[in-house]
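Worksheet for the structure shown next.
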Amino acid sequence: MTETNGRTPVVEMQGIVKRFGTVEALRGVDFKVYGGEVRALLGDNGAGKSTLIKVLTGVHRATSGKIVLDGEVVKIVSPADARALGIETCYQDLALVPLMSIWRNFFLGRELGLKLGPIRWLYKKDMAEQTRASLMDIGIEIRSPRDKVGKLSGGERQSIAIGRAIHFGAKLLILDEPTSALSVGETNKVLSYIINAKEQGLPVIFISHNVNHVYEVSDSYTIIRHGLKVGTYQRGELTQQDIADLITGAREK
Amino acid sequence: MRTGAKSDMTSQVTSLARLRSRLADIPVLVALLTFAFLFLLFSIASENFLTLISLTNILTIASIKGIFVIGVAMLMITGEFDLSVGSILAVAAFVFAITLESGMAPLLALTLALVISGILGFINGQIVTRTGIPSFIATLGTLLAYRGIARGIGGGNFARFTGERPFLFSVLNGDLGFINELAFPAGNARVSVIWFALFALIAAIIMARSRYGSWVYATGGNREAARSQGVRTNRVIVTNYVITGLLAGFAGLVSFASRPSVDPLRGEGWELIAVTAAVIGGIWLKGGFGTIMGAAIGIVLLQMVEQGLILIGVDVQLFQGTIGFILIAAVILGTYLTKQ
């Protein structure tokens, strides 16, 4: 087990405990993510990885423990708090409106427009153009930003959500099982967007239980089992088989 | 980007599919085509249809309902219903009638009636957003409750304004003489048509070009997503209920201004006509899709069918059956067009 030397982490979760009634989902987990890295968060179903992320994104409140963002202790008690702090989360489908155009989705809740009394007059052209340019930056080509999101494939929808996070200057991007429902080709595309996001300087937490998908794109791996951190490992320290064994507990540390 | 067309499909099938998806992108188009078809049909079948009196009649009668159809349409795009519009309309008309009769200044009476209508809409919004019960049921409840208020105010009886008609009545719903005298027999166009067109235009622009419009579509299209992106969906819903209440109240005042009496049944059943117009106009029952213009065409279409059937000489009793048939056809067509 190694820790990255010297740098301050973008986000640091310390001693996170989460109890649901008598069930202890997290039993004191420390978790750090550094700038410019893709961090895989791995664990079997029910291991606690989703609970850990939900504490970070304000969906759950930790029973104890603290969260440090950019060196400052922060209180995150709602998804809105997390978002205001620059923590963007992409779920499979949750954050897009299929019946609306790509650009409207891209800018939803952050529309550009001119204030005319109670009305905000939208800069439609501007937003469509910015959407196209911004998606182009991370290697996503769309036919037209005016297309409906519902017409896009699962991978393309993920890409819109990823592009949105980068465009609006998120500090940290969390992808919750982004590839779980995708074909092989689509998965590869999404993985390339993740690498592009990293190259734009955005740290990414990539949650998955599929070792194959995370192995190539991640710089480090944190493995969780039974509510405890097994460890954090740098790329190259472990083989895929090692990781799989650590997830299932076939091998200890 | 995928084209979506499989290579083994014949070109005929793909061009049909493409036509279908293009039609589905323009929800107002189906309503417009249906409208044009029926218009042509009635024009051929009845020589009295294409006359000033017949056409102005259609528009004038449609316009009063049209004013609140706009609100109902905005709510349905948000994913909510308002069945209480007919009752709010009656409350507004009764408040207006009784305050005027008691000698209140016309503008003050109008303001009071509209404020009450807005409050009734606000109450609808609060019930729906705070309790989380389906708006269909919530506003079914307020339909009955507000009707009770209207009856209570009027003592279960008619309310009339017997004084000299104030100028305000002409502003609300005067006779559009310069249009009506264009032909003989004279037309029946009233100012309500202008109010309807004006509100429809403003609402259509807001829905297409403003941030609020985007938020309305997002709230109806995927409420969780909208909320996660910072859209205050509850505020959107409540605002739409207030707008609808105001429009329903205004429609009540407009109808009162043309013939200053109101009965306890005024507006009863109109809530379902509004829903029908919106659906025929291409608005989805589950929300997130449709346009104000579609709904506006929908209500004029309904009135045109009623007028057309009478002129053709079809028994008026068949009117509701015909509307039912058109409604179901519209939903089937809409479902077919938007099937992925």
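The values are calculated or read from the model by the stated rules, or taken from the named source; none is laboratory data. The model shown is predicted, which means the values in this text are computed figures rather than measured ones. Reconstructed Cβ throughout: ideal geometry from the backbone, glycine too, with neighbour counts over all protein chains shown.
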**Request:** For the stretch A:212-243, name all the residues that are assigned to a helix (DSSP H, G or I) and either over 22 Å from A:Val190 (Cα atoms) or not aliphatic (A, V, I, L, M) (or both).
**Result:** A:Asn212, A:His213, A:Tyr215, A:Glu216, A:Gln240, A:Gln241, A:Asp242
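Where residues in the stretch A:165-180 are of a type in the set (A, V, I, L, M, F, W, C) and in contact (Cβ under 8 Å) with a residue 60 or more places away in the chain, which of them is farthest from A:Ala84 (Cα to Cα)?
A:Leu175
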**Complete:** For the stretch B:190-215 the number of residues that are in contact with a Phe, Trp or Tyr (Cβ under 9 Å, 6 or more places away or on another chain) and in contact (Cβ under 8 Å) with a residue 60 or more places away in the chain is 3
**Request:** Tell me, please, whether a residue that is closer than 21 Å to B:Val331 by Cβ, modelled with pLDDT of 75 or more, of a type in the set (Gly, Ala, Ser) and crowded, with 23+ Cβ neighbours inside 10 Å can be found in the stretch B:34-41.
**Result:** no
**Asked** Taking B:Ala251, is it away from chain A (no Cβ under 14 Å) and assigned to a helix (DSSP H, G or I)?
**Response** yes
**Message:** Looking only at the stretch A:156-203, count every residue that is within 26 Å of A:Val68 (Cα to Cα) and either buried (at least 24 other Cβ atoms within 10 Å of the Cβ) or among the aliphatic types (A, V, I, L, M) (or both) and tell me the total.
**Reply:** 16
**Prompt:** Looking at the stretch A:123-136, is at least one residue within 26 Å of B:Thr338 (Cβ to Cβ) and within 8 Å of chain B (Cβ to nearest Cβ)?
**Reply:** yes
**Asked** So A:Thr89 fits all but one of (1) crowded, with 24+ Cβ neighbours inside 10 Å; (2) of a type in the set (Ser, Thr, Tyr); (3) more than 14 Å from chain B (Cβ to nearest Cβ); what number is the exception?
**Response** (3)
**Candidates B:Arg151, B:Arg147, filtered to the one that is surrounded by 18 or more Cβ atoms within 10 Å (Cβ to Cβ), of a type in the set (Lys, Arg) and in a helix (DSSP H, G or I)** = B:Arg147
**Prompt:** Cβ-Cβ below 7 Å, separation at least six or inter-chain, first residue in the stretch A:94-109 and within 7 Å of chain B (Cβ to nearest Cβ) and without any contact (Cβ under 8 Å) to a residue 12 or more places away in the chain, second of a type in the set (A, V, I, L, M) and assigned to a helix (DSSP H, G or I): which pairs?
**Reply:** A:Leu94/B:Ala225; A:Leu108/B:Ala218; A:Leu108/B:Ala226
**Message:** Can you find a residue that is surrounded by 19 or more Cβ atoms within 10 Å (Cβ to Cβ), at pLDDT below 90 and at the interface with chain B (Cβ under 10 Å from one of its Cβ atoms) anywhere in the stretch A:71-84?
**Reply:** yes
**Prompt:** Just one of A:Ile166, A:Ile174, A:Ile160, A:Ile142 is hydrophobic (A, V, I, L, M, F, W, C), under 19 Å from the mean Cα position of the chain (by Cα) and either within 12 Å of another protein chain (Cβ to nearest Cβ) or in a loop (DSSP other than H, G, I, E, B) (or both); which is it?
**Reply:** A:Ile160
**Complete:** Counting only residues that are in a helix (DSSP H, G or I) and of a type outside the set (A, V, I, L, M), the stretch B:46-90 contains a total of 12
**Asked** Got a number for residues in the stretch A:183-211 being part of a helix (DSSP H, G or I), out of contact with any His (no Cβ under 7 Å at 6 or more places or on another chain) and not aliphatic (A, V, I, L, M)?
**Response** 9
